1. Rounded to the nearest Å, what's the spacing between the alpha carbon centres of the stretch 377-430 and the stretch 147-165? Just the number, please.
2. Only helical DSSP H runs with n ≥ 4 go in: add -39500 (n - 2.57) per run for the chain, normalise by residue count and round the 222 nm mean residue ellipticity to 500 deg cm²/dmol.
3. What does the charge dipole of the chain about its Cα centre add up to, to the nearest 20 debye, if the Cβ of each Lys and Arg holds +1 and the Cβ of each Asp and Glu holds -1?
4. So which lysines can K188 reach, going by Cα to Cα under 24 Å and dropping same-chain residues fewer than 8 places off?
5. Can you compute 3J(HN,Hα) from phi for each residue in the stretch 250-266, using the Karplus curve 6.51 cos²θ - 1.76 cosθ + 1.60 with θ = phi - 60°, rounded to whole Hz and x for Gly and Pro?
6. Residue by residue through the stretch 375-384, which ³J(HN,Hα) values in whole Hz follow from phi under the Karplus form 6.51 cos²θ - 1.76 cosθ + 1.60 (θ = phi - 60°), with glycine and proline marked x?
7. Please report the net charge: other residues with Cβ closer than 15 Å to the Cβ of P230, K and R +1, D and E -1.
8. Find, among the GluC sites (Glu not before Pro) in the stretch 258-293, those assigned to loop by DSSP (not H, G, I, E, B) with at most 14 other beta-carbon atoms within 10 angstrom.
Amino acid sequence: MSLRKFITERKILRSLNLAKENVTHRWNEIASLFGLQDDVFEHPRHIKIHKPVTAILIGAGHRGMIYADYATKNPDELTIVAVADPDIPRRARAKLKFELKKEFCFADWKQVFERPKFADAVIIATSDDLHTQPCLAALDAGYDVLLEKPIAPTEHECRLILQKASETGQIVGVCHVLRYTPYFRQLKEVIDAGLIGNIISIQHMEPIEQIHMSHSYVRGQWKNSNTATPIVLAKSCHDTDIIRWLVNSPAHDVHCFGNLSWFTNANAPEGSTERCTDGCKVEASCPYSALQIYLRDRQRLYVFDLSNDKSKWDREILENLKKTDYGRCVYRMDNNQPDHLTVNMLFENGVTAAFSMEAHVSYEGRRTRIMGSKGDIVGNMEMFRMTDFKTRKQTSWKLKTDPHGGGDHRMMKDWVQAIAQQDKTLLSSSIEVSIESHLIAFAAEKSRLNRTIETVRLFDSSIPMKA
Ligand SMILES: NC(=O)c1ccc[n+]([C@@H]2O[C@H](COP(=O)([O-])OP(=O)(O)OC[C@H]3O[C@@H](n4cnc5c(N)ncnc54)[C@H](O)[C@@H]3O)[C@@H](O)[C@H]2O)c1
């Protein structure tokens, strides 16, 4: 949009008003009004990178390729020099995309570390149960790391990685991408600037959206907490992380209720079949019909590795629905993840937070309510509104981005800078600050299963840790 057109729009009035109130006339607000999203939140300590950081991609699946794609978009900053993935088509796709030589395409992460160090860093985006070993091996070999969340499936393994990072001094960035979204960055700035006074309490909701729930936590790879990780860790460690970050004080006590109410055998409708493709009598009226979700609506197809030729998709999707879990009836799965849960937290500074994860909703995006001593904030991940108690004035920030909140590549930018400058403080989600979100999640799951109130302890005497 041209400056002239921009000035004629009402938006300028808002920005001038804000400037008058001396509240939010910062560059990032003004830049966002101009649509200069890439300039928004530019870190003052970012430097021009003269030699691209080199990284090895371990796990070229859905998430790994999103992060690695930063190299395609920013070749001056990052180069992917190798890939490891046992899945042949995925490995071939990465080889082609990043123009890799055959000898730098590995079938297993272990092969990467059989060679002397040949890159600055590794990106670990394998499944939850395959984070610890590659991460420890990478740190031992002298690599810095970008590690997908969850850090590891057990508290013990999380602490081992933290300890190894501390011993080696290498950087481990955790993909808590919400911290890098314009929405939460701006929220944090407003809170830290004291605009609502002291935080008294927080209500934070994570609406998963029912199709997303069915896809990932009923049919998908996180359907069972015994084979994957508990949903409060797998899905909601982002949220425990954000709450801890905003509160800016260690968590002390955690309590959780939650269960699986709907996606159970008992709720299988009469006439339903093992698979939606087996002639299910209620397929046409079922909100979870796999034929509707994947074949007719073509949602969430990234799990199928379809060919480039879209004319083949109908056949390929149908084949996948007949042989993978994505075609199975949501009421006849071997799932056990709760479809609703609440976590109550008490922080050391007295702040209380109530978190709720909800699957039975038609929408996504976090919902925020922050109660402060001088004002409050209400938001929905596209915008938030602050009300000042004294003046009753309301100020709004509009921060709509992509469906994942716009955090993925903003995190990559900070991670690349942290590696290039060898300064983990450039990264908001290093393992040192990210681990607490996981400890809260482990405590919550323990509380849910045992009906107890759990205390969160950052330092566990059973594992000696350096400061
Ligand atoms: N940060 C987020 O918001 C976010 C969102 C979704 C998932 N995740 C996490 O990202 C991770 C990956 O999830 P995904 O959806 O990309 O899964 P995915 O299955 O698409 O990708 C994982 C890849 O790892 C590969 N792999 C398996 N064994 C391997 C081995 N021995 N060596 C190297 N590679 C191997 C698989 O073949 C697969 O391609 C998970 O831990 C998940 O919880 C994070």
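Just so it is clear, none of the values below were taken in a lab; they were calculated from the coordinates. In this text, all values refer to a predicted model and were calculated from it rather than measured experimentally. All Cβ positions, even for glycine, are placed from backbone atoms using ideal geometry, and neighbour counts span all protein chains on display.
1. Using only Cα atoms, the two centres lie 25 Å from each other.
2. Rounded to the nearest 500, it is -9000 deg cm²/dmol.
3. Rounded to the nearest 20 debye, it is 1240 debye.
4. Answer for K188, where 24 Å is the Cα cut-off: K11, K20, K149, K235, K374, K390, K393, K398, K400, K413, K424, listed by chain and number.
5. The phi angles translate into x, 6, 10, 10, 9, 9, 9, 10, x, 7, 9, 9, 10, 7, 10, 4, 4 Hz.
6. Along the stretch 375-384, the couplings run x, 9, 9, 10, x, 9, 6, 9, 7, 9 Hz.
7. With Lys, Arg at +1 and Asp, Glu at -1, the neighbours total -4.
8. E270, E274
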